[in-house]
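*Asks:* Have a look at the structure that comes next, please.
The values are calculated or read from the model by the stated rules, or taken from the named source; none is laboratory data. Because the structure is a prediction, the values reported are computed rather than measured. Glycine also receives a Cβ, built like all others from the backbone with ideal geometry; neighbour counts cover every protein chain displayed. Surface areas here come from the heavy atoms of the whole protein model, side chains and all, with no ligands, DNA or RNA. Shrake-Rupley method; radii C 1.70, N 1.55, O 1.52, S 1.80 Å.
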Amino acid sequence: MKTIFITGTSSGLGKLTAKYFAQQGWNVAATMRTPEKETELNKYPNIKIFKLDVTDLEQVKTATVGAIAAFGKIDVVVNNAGMGTYGALELAKEKDIDWQFAVNTRGPINMIRAFLPHFRTNGGGMFINISSFMGLTTAAPLGSLYNMSKFALEGLTEGLYYELKPLNIELRLIEQGGSSGNNFLKSVVFNANPDIKDYDPIVGKVMARFAAAGELGQRGELDDPQAIVDEIHALATGQRNKFRTLVGQAGKDLMALRNSVPIETYLETIAANFG
């Protein structure tokens, strides 16, 4: 029986992925910052829950060691934990800038470094890093910090390919978009400063788009999150061997536009949507 280690399983995509892999007969090491609040995943006999904040190196070490001790071998690590900071860069608090990088970029680095000795000893393994189409292209104003973190994750994963391929350690990227039932918008940190009004017009337009997206998600009209889980499963089981997997129509449409015109034209097109 194979084992998968997943970060950020308290809700959303992480929880759905943990449940699906357990139902498919995998052992699952499900991690979250507050395991004492979990009431669903602990009902599965093949799921073990570990406390983990991916920005805390001591917790990273404890969770890694604990999962290996519990299951003997970890075959796949899914770096799913993430957060979003939105708003004008000038208005961002220092702690939020650091937190954006710490969770979305340094977090996966921490997990990869923690599991590399185990994978080297086993002669192989797989990291699946959950990115976003916003790690491939910008889709709206006010997302510079989030884009930064996901662009960095893309570069990290691609750069690691060369040093880990000789060790039989595989790397995969999932670029997801907005999906129904996703709690991402509820956890977004918005940069604001009531003393600076210059950004208010564009903030209003972006917030209106966010609200509309939230309503679509509540009605189940965004992409089905199970499609993302299916891709993770296909990669983990070797049914698919793509380095990058873009999931969701919104991301595919944006990338089609991005690849069809010069960057200047693309940027002006996106900007005009918020003009």
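*Asks:* Only residues that are out of contact with any Ser or Thr (no Cβ under 8 Å at 6 or more places or on another chain) and either over 20 Å from Ala234 (Cβ atoms) or assigned to a helix (DSSP H, G or I) (or both): list them for region 9-34, please.
*Replies:* Ser11, Gly12, Leu16, Lys19, Tyr20, Phe21, Ala22, Gln23
*Asks:* Among the residues of region 35-62, which ones are outside any loop (DSSP other than H, G, I, E, B), open to solvent by less than 50 Å² (accessible area, probe 1.4 Å), farther than 18 Å from Leu16 by Cα and without any contact (Cβ under 8 Å) to a residue 40 or more places away in the chain?
*Replies:* Passing the criteria: only Gln59.
*Asks:* Quick one: in region 113-151, which of the residues that are under 26 Å from Leu254 (Cα atoms) and small (Gly, Ala, Ser) is nearest to the chain's Cα centre (by Cα)?
*Replies:* Ser131
*Asks:* Do we find that Ile74 is open to solvent by less than 20 Å² (accessible area, probe 1.4 Å), of a type in the set (Val, Ile, Thr) and touching a Phe, Trp or Tyr at 6+ places or on another chain (Cβ under 6 Å) in this structure?
*Replies:* Answer is yes for this residue.
*Asks:* A follow-up question, please. Would you check which residues across region 127-155 are farther than 22 Å from Ala92 by Cβ and either without any contact (Cβ under 8 Å) to a residue 60 or more places away in the chain or surrounded by fewer than 20 Cβ atoms within 10 Å (Cβ to Cβ) (or both) and list them?
*Replies:* Correct list: Phe127, Asn129.
*Asks:* For region 1-27, name all the residues that are buried (at least 24 other Cβ atoms within 10 Å of the Cβ) and either farther than 23 Å from Ile109 by Cβ or free of Cβ contacts under 8 Å to residues at least 24 places away in the same chain (or both).
*Replies:* The one that is buried (at least 24 other Cβ atoms within 10 Å of the Cβ) and either farther than 23 Å from Ile109 by Cβ or free of Cβ contacts under 8 Å to residues at least 24 places away in the same chain (or both): Phe21.
*Asks:* Could you check region 227-249 and list, in sequence order, the residues that are touching a Phe, Trp or Tyr at 6+ places or on another chain (Cβ under 9 Å), open to solvent by less than 50 Å² (accessible area, probe 1.4 Å) and within 16 Å of Gly177 (Cβ to Cβ)?
*Replies:* Once the filter is applied, which keeps residues that are touching a Phe, Trp or Tyr at 6+ places or on another chain (Cβ under 9 Å), open to solvent by less than 50 Å² (accessible area, probe 1.4 Å) and within 16 Å of Gly177 (Cβ to Cβ), region 227-249 yields Val229, Ile232, Leu246, Val247, Gly248.
Quick grid of which residues meet (1) in a helix (DSSP H, G or I); (2) under 16 Å from Asp56 (Cα atoms); (3) over 18 Å from the mean Cα position of the chain (by Cα):
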position: Gly82; (1), (2), (3): no, yes, no
position: Ile97; (1), (2), (3): yes, no, no
position: Ala102; (1), (2), (3): yes, yes, no
position: Arg106; (1), (2), (3): yes, yes, no
